[in-house]
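Peer 1: Structure below; questions to follow.
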């Protein structure tokens, strides 16, 4: 009796977690919002030098940073709304000049769908001017606001409300009606 051996192709699917990626604007995506929409949690969006007219909504855990710092990378309000709205945990925004808006430079608020707070947000090394407000925290916990320069705004860092365990350190606020305004702060 003869035996025949047939090669058997075995396919094994291995689940490998995706690696965080760096996405460049305008190289990979022509706009910052397109890059945000395409990003996965953990990705970093690097914005090359230039002037960008934007209204950004961040709803995932990403890092948004300029390539060379605030002197060369300017985000300017494109609407009468905020320049950047954050509705997610673990977001980092650093190295931008954020200017010329009728509302806030960065507004950190709860997720509009789930009402979950936006925690662990890091806003650092930015320059804010000619805005209504520099940075607003509402229902944001364990966030860090550090090394920002805020000038010529009505309210610098404000409405730190319904929030706890935030670190606000080494920020410069000048030519503003209010520097830091804290209301309805909660204890941990």
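Values quoted throughout were computed directly from the atomic coordinates according to the rules given, and no laboratory measurement underlies them. Bear in mind the structure is a predicted one, so any value in this text is a computation, not a measurement. Note that each Cβ is placed from the backbone with ideal geometry, even for glycine, and that neighbours are counted across all protein chains shown.
Peer 1: State the percent of C-alpha pairs, over all pairs in the range 43-90, separated by a distance greater than 14 angstrom.
Peer 2: 55 percent
Peer 1: Taking N as the number of residues in the range 101-188, what is its alpha-carbon radius of gyration divided by 2.2 N^0.38 Å?
Peer 2: Computed over Cα atoms of the range 101-188, the ratio equals 1.01.
Peer 1: When the chain is treated as a GNM, springs tying every alpha-carbon pair under 10 Å, which of 65, 48, 99 comes out with the largest mean-square fluctuation?
Peer 2: Residue with maximal mean-square fluctuation among 65, 48, 99: 48.
Peer 1: Which of 109, 85, 22 moves the most in a Gaussian network model of the chain with Cα springs under 10 Å?
Peer 2: Evaluated over the chain, the most mobile residue of the options is 22.
Peer 1: Applying 1/(1 + (r/R0)^6) with R0 = 30 Å to the Cβ-Cβ distance of residue 142 and residue 40, what FRET efficiency is obtained, to the nearest 0.05?
Peer 2: Efficiency for this residue pair is about 0.85.
Peer 1: Another question, if that's okay. Can you tell me how much longer the chain between residue 149 and residue 21 gets when fully stretched, taken as 0.36 nm per residue apart minus their C-alpha distance, in nm with one decimal?
Peer 2: 43.2 nm
Peer 1: Next up: Measuring from label point to label point, each 7 Å out along Cα→Cβ, what is the residue 51 to residue 164 span in nm?
Peer 2: Taking the two extended label points, one gets 4.6 nm.
Peer 1: With contacts defined as alpha carbon pairs under 8 Å and 6 or more residues apart, what's the relative contact order of the chain in percent?
Peer 2: Relative contact order here is 13 percent.
Peer 1: Determine the equivalent ellipsoid of the range 12-121 by diagonalising the alpha-carbon gyration tensor, then write out the semi-axes as square roots of 5 times the eigenvalues, largest first, rounded to whole Å.
Peer 2: Taking √(5λ) for each eigenvalue gives 24, 19, 11 Å, largest first.
Peer 1: Oh, and also: Thinking of the chain as a set of Cα atoms, what percent of all their pairs are more than 25 Å apart?
Peer 2: In whole percent, the long-distance tail amounts to 36.
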